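Structure below; questions to follow.
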């Protein structure tokens, strides 16, 4: 009898739509390789619903707070339902960009210089010498991110809006120019490296991530072999330092352009990376020889409690 897999998707974070896309794509792929699948649009009654359902495995396709920060993982641990991706602590640490940077830096993973600031202070005066980045401490998909350049007379005033929902404490980081690179880890193996370019020539924002034709992926990235290997090594080191399990994806900046500094930094580790067929991790897995169906099957068979 095939395993019953509950695909957890949706939820109520800013990334709800992204999660629904990931969840539906994964559910379809899981059905195609023989699992019995229930699609679960997660609400605040999820504990009772899963308690009644008792699936063999929970496939976590949630993105953002609750799904990616250790909350849903804690519920699944209490219910003793095996689940995919990282456990409670790794999820919480990776989601909090400040904690993640501290741990990665201690493990020898280079990260951008930065500091935690109050959003109202950051709206009043430049916290760092431009160019720099302002971002929420615990969000994904580029929500609430601003790149502040030297030709802007003052910091972004959107930070003072009454409907700002990303917390009063934000992260100010020095901006590292150059390429946007990403590398996935699958179990204990680093996959290849993609060079991501926004199709409009701008930065890799929400539109570039999710709009059709919004970005151009160059796989494998055309960079020096020693840098390529370093990125793979750093991805695996960051994954292990944070205690990640299953699949993760590390995002890098590499300033190798004309007049560039050669700086290579890890921006963040995603414990719940996008999982549509055109997302970065499935693309990297396909390059390594895993079809989308084989990838999600591997994730289900890797699922456990006590992650």
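For segment 276-305, which positions are at pLDDT below 95 and touching a helix residue (DSSP H, G or I) at 6+ places or on another chain (Cβ under 6 Å)?
Once the filter is applied, which keeps residues that are at pLDDT below 95 and touching a helix residue (DSSP H, G or I) at 6+ places or on another chain (Cβ under 6 Å), segment 276-305 yields 276, 277.
Condition check ((1) surrounded by fewer than 17 Cβ atoms within 10 Å (Cβ to Cβ); (2) in contact (Cβ under 8 Å) with a residue 12 or more places away in the chain; (3) within 13 Å of residue 8 (Cα to Cα); (4) out of contact with any helix residue (DSSP H, G or I) (no Cβ under 7 Å at 6 or more places or on another chain)) across all residues:
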position: 33; (1), (2), (3), (4): yes, yes, no, no
position: 46; (1), (2), (3), (4): no, yes, yes, no
position: 68; (1), (2), (3), (4): no, yes, yes, no
position: 83; (1), (2), (3), (4): no, yes, yes, no
position: 88; (1), (2), (3), (4): no, yes, no, no
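Sticking with this structure for a sec: Return the residues of segment 161-190 that are in a strand (DSSP E or B) and touching a helix residue (DSSP H, G or I) at 6+ places or on another chain (Cβ under 7 Å); say none if nothing qualifies. Break it down stepwise before answering.
Step one: of segment 161-190, the residues in a strand (DSSP E or B) are 169-174, 179-186, 189-190.
Passing the criteria: 170, 171, 172, 181, 182, 183, 184, 185, 186, 190.
Filter the helices (runs of 4 or more DSSP H) completely within segment 37-100 down to those with at least 2 residues that are touching a strand residue (DSSP E or B) at 6+ places or on another chain (Cβ under 7 Å) and either closer than 30 Å to residue 265 by Cβ or modelled with pLDDT under 95 (or both). Before the answer, list the steps.
Working: elements: 46-53, 71-79, 88-95.
The helices (runs of 4 or more DSSP H) meeting that bar are 71-79.
Please verify whether residue 115 is in contact with a strand residue (DSSP E or B) (Cβ under 8 Å, 6 or more places away or on another chain), closer than 24 Å to residue 252 by Cα and in a loop (DSSP other than H, G, I, E, B), treating the condition exactly as stated.
Details: in contact with a strand residue (DSSP E or B) (Cβ under 8 Å, 6 or more places away or on another chain): yes; closer than 24 Å to residue 252 by Cα: yes; in a loop (DSSP other than H, G, I, E, B): no.
Criteria not met by residue 115.
Can you confirm whether residue 238 is within 17 Å of residue 276 (Cβ to Cβ) and either modelled with pLDDT of 95 or more or crowded, with 17+ Cβ neighbours inside 10 Å (or both)? Lay out the reasoning, then the answer.
Numbers: within 17 Å of residue 276 (Cβ to Cβ): no; either modelled with pLDDT of 95 or more or crowded, with 17+ Cβ neighbours inside 10 Å (or both): yes.
Answer is no for this residue.
Can we say residue 213 is at pLDDT below 95, surrounded by fewer than 19 Cβ atoms within 10 Å (Cβ to Cβ), out of contact with any strand residue (DSSP E or B) (no Cβ under 8 Å at 6 or more places or on another chain) and more than 22 Å from residue 10 (Cα to Cα)? Give the derivation first.
Details: at pLDDT below 95: yes; surrounded by fewer than 19 Cβ atoms within 10 Å (Cβ to Cβ): yes; out of contact with any strand residue (DSSP E or B) (no Cβ under 8 Å at 6 or more places or on another chain): yes; more than 22 Å from residue 10 (Cα to Cα): yes.
Criteria met by residue 213.
Moving on. Step by step: first the residues of segment 148-166, then only those that are surrounded by 13 or more Cβ atoms within 10 Å (Cβ to Cβ) and more than 19 Å from the chain's Cα centre (by Cα), then the one that is modelled with the lowest pLDDT. Which residue is that? Quick ask: steps written out before the conclusion?
Residues of segment 148-166 that are surrounded by 13 or more Cβ atoms within 10 Å (Cβ to Cβ), as a first pass: 148, 152, 155-156, 158-160, 164, 166.
Keeping just the survivors that are more than 19 Å from the chain's Cα centre (by Cα) gives 148, 152, 155-156, 158-160, 164.
Working: 148: 92, 152: 84, 155: 91, 156: 90, 158: 92, 159: 93, 160: 93, 164: 92.
Per the criteria, the residue is 152.
So, in segment 266-294, of the ones that are under 17 Å from the mean Cα position of the chain (by Cα) and assigned to a helix (DSSP H, G or I), which residue ends up surrounded by the most Cβ atoms within 10 Å (Cβ to Cβ)? Break it down into steps so the answer makes sense when it comes.
At the first step, the residues of segment 266-294 found to be under 17 Å from the mean Cα position of the chain (by Cα) are 266-285.
Narrowing further to those that are assigned to a helix (DSSP H, G or I): 280-285.
On the way: 280: 24, 281: 23, 282: 25, 283: 19, 284: 27, 285: 23.
Among those residues, the one meeting the criterion is 284.
Continuing with the same structure: Going residue by residue through segment 247-265, is there one that turns out to be part of a helix (DSSP H, G or I), in contact with a helix residue (DSSP H, G or I) (Cβ under 8 Å, 6 or more places away or on another chain) and closer than 22 Å to residue 88 by Cβ? Steps first, answer last, please.
First pass over segment 247-265, keeping only residues part of a helix (DSSP H, G or I): none.
The answer is no, given that none of the residues of segment 247-265 is part of a helix (DSSP H, G or I), in contact with a helix residue (DSSP H, G or I) (Cβ under 8 Å, 6 or more places away or on another chain) and closer than 22 Å to residue 88 by Cβ.
Out of (1) without any contact (Cβ under 8 Å) to a residue 40 or more places away in the chain; (2) surrounded by fewer than 21 Cβ atoms within 10 Å (Cβ to Cβ), the odd one out for residue 12 is which?
So the condition that residue 12 fails would be (1).
Could you check residue 137 against (1) within 21 Å of residue 248 (Cα to Cα); (2) in contact (Cβ under 8 Å) with a residue 60 or more places away in the chain and say which number it fails?
Exception for residue 137: condition (2).
The values are calculated or read from the model by the stated rules, or taken from the named source; none is laboratory data. No experiment lies behind these values; they were computed from the predicted model shown. As a convention, Cβ positions derive from the backbone with ideal geometry for all residues, glycine included, and neighbour counts pool all protein chains shown.
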